[in-house]
Amino acid sequence: GEYLHIPQVRCEEVRDTVSSLRLDNVLAAGFSLSRGRAAEAVEKGSVQVNYVTCVKPDKPVSAGGTITRRGLGKCVLDSVGAPTKKGRLPVAIRRYI
């Protein structure tokens with residue numbers, strides 16, 4: 001018989017809250033970076049949103065968006081919840097490892 005080999009995609013879910021859906025915030029949450037380092041990576045051109053290089057740290061990311069960070073892998077912004085009392089947004093991010 002023929003076997004289809006399905007590669008095992010390992011991913012982990014990150015739940016966090018962000019102050020806004022800016023790319024640097026979501027990237028920082030998804031890869032556990034400081035926002036400064038995340039913004040720096042974006043400005044250097046090593047981050048893609050939906051497979052297009054983006055150099056603007058303030059670009060908004062919408063649910064379902066894929067963020068790729070060269071050298072770190074990719075993560076998908078799965079869902080965005082209702083704002084908390086403090087106005088932060090709960091996010092669920094799937095990070096591929």
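The values are calculated or read from the model by the stated rules, or taken from the named source; none is laboratory data. Just so it is clear, the structure is predicted and the values come from calculations on it, not from any experiment. Neighbour counts run over all protein chains shown; Cβ positions are idealised from the backbone, glycine included. Please note that ligands, DNA and RNA were not included when accessible areas were found on the heavy atoms of the full protein model with its side chains. Shrake-Rupley method; radii C 1.70, N 1.55, O 1.52, S 1.80 Å.
This table checks each residue for (1) more than 12 Å from the chain's Cα centre (by Cα); (2) surrounded by 13 or more Cβ atoms within 10 Å (Cβ to Cβ); (3) charged (D, E, K, R); (4) within 19 Å of Val18 (Cα to Cα).
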| position | (1), (2), (3), (4) |
| --- | --- |
| Cys54 | yes, yes, no, no |
| Pro57 | yes, yes, no, yes |
| Thr66 | no, yes, no, yes |
| Val76 | no, yes, no, yes |
| Ala82 | yes, no, no, yes |
| Lys86 | yes, no, yes, yes |
| Ala92 | no, yes, no, yes |
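Residue under question is Arg15, and the condition is that it be in contact with a helix residue (DSSP H, G or I) (Cβ under 6 Å, 6 or more places away or on another chain), modelled with pLDDT of 95 or more and not in a helix (DSSP H, G or I); does it hold?
no
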Report task. Could you list all residues from segment 19-33 that are out of contact with any Pro (no Cβ under 7 Å at 6 or more places or on another chain), within 22 Å of Gly71 (Cβ to Cβ) and open to solvent by less than 90 Å² (accessible area, probe 1.4 Å)? Result -> Asn25, Val26, Leu27, Ala28, Ala29, Gly30, Phe31, Leu33
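Taking segment 18-41 as the region of interest, how many residues are outside any helix (DSSP H, G or I) and within 18 Å of Ser62 (Cβ to Cβ)? Let's see the steps before the verdict.
First, pick out the residues of segment 18-41 that are outside any helix (DSSP H, G or I): 18-22, 32-34.
From what is left, the residues that are within 18 Å of Ser62 (Cβ to Cβ) are 18-22.
The total comes to 5.
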Query raised in the report: Residues in segment 34-45: is at least one in contact with a Gly (Cβ under 8 Å, 6 or more places away or on another chain) and crowded, with 18+ Cβ neighbours inside 10 Å?
Result: no
Query raised in the report: What do you reckon, is Ser34 in contact (Cβ under 8 Å) with a residue 40 or more places away in the chain and hydroxyl-bearing (Ser, Thr, Tyr)?
Result: no
